[in-house]
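**Q** Take this structure first; my questions come after.
Just so it is clear, none of the values below were taken in a lab; they were calculated from the coordinates. Treat the numbers as computed from the prediction; the structure is a model and nothing was measured. Quick reminder, even Gly has a Cβ in these numbers, built from the backbone with ideal geometry, and neighbours come from all protein chains shown.
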Amino acid sequence: MGWFFNKKKSSQVAKDRLKLVLIYDRAGTTSNDDMINMIKKDIMAVISKYVEIDESEFEIDFKNVQNEEEEGVSSQLAMNIPIKKIKQMVKNAGK
């Protein structure tokens with residue numbers, strides 16, 4: 001039963017993939033579309049647990065932004081997530 005507790009949550013997987021994309025971006029390599037699509041899918045899955053979203057209008061964008069305060073470039077993740085409605089959360093009925 002130990003294998004059950006070692007399974008990563010989808011939010012952790014999404015976070016790990018996002019870190020990987022940011023590392024590639026900061027290294028100056030081009031992020032590949034497949035990786036961005038995997039991240040998009042993971043983020044949509046996590047967000048969909050709590051709100052109903054319009055997946056056809058979901059947008060995700062990675063950019064390099066010139067930092068004015070610090071000399072250099074930083075990465076930026078921008079998302080447009082159209083929310084249709086917030087799902088009602090049900091507390092554990094067994095307690």
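**Q** Need one number: nm distance between label points at Asp34 and Val90, each 7 Å from Cα along Cα→Cβ, rounded to one decimal.
**A** The two pseudo-label positions are separated by 3.9 nm.
**Q** Here is a follow-up. Can you give the FRET efficiency for Lys15 and Glu71, using 1/(1 + (r/R0)^6), R0 = 30 Å, r = Cβ-Cβ distance, to the nearest 0.05?
**A** The calculated FRET efficiency here is 0.55.
**Q** Of Phe58, Asn80, Val90, which is farthest along the charge dipole of segment 36-95 in the positive direction, counting Lys and Arg as +1 and Asp and Glu as -1 at C-beta?
**A** Highest projection toward the positive end goes to Val90.
**Q** List the residues, sorted by chain then number, that are 5 or more residues from Ile53 or on another chain and whose placed amide H is less than 5 Å from its amide H.
**A** Placed amide hydrogens put Lys84 under 5 Å from Ile53.
**Q** In sequence order, what are the phi-derived ³J(HN,Hα) couplings for segment 33-40 according to the Karplus relation 6.51 cos²θ - 1.76 cosθ + 1.60 with θ = phi - 60°, rounded to whole Hz, with x for glycine and proline?
**A** Each residue of segment 33-40 in turn: 4, 4, 5, 4, 5, 5, 5, 4 Hz.
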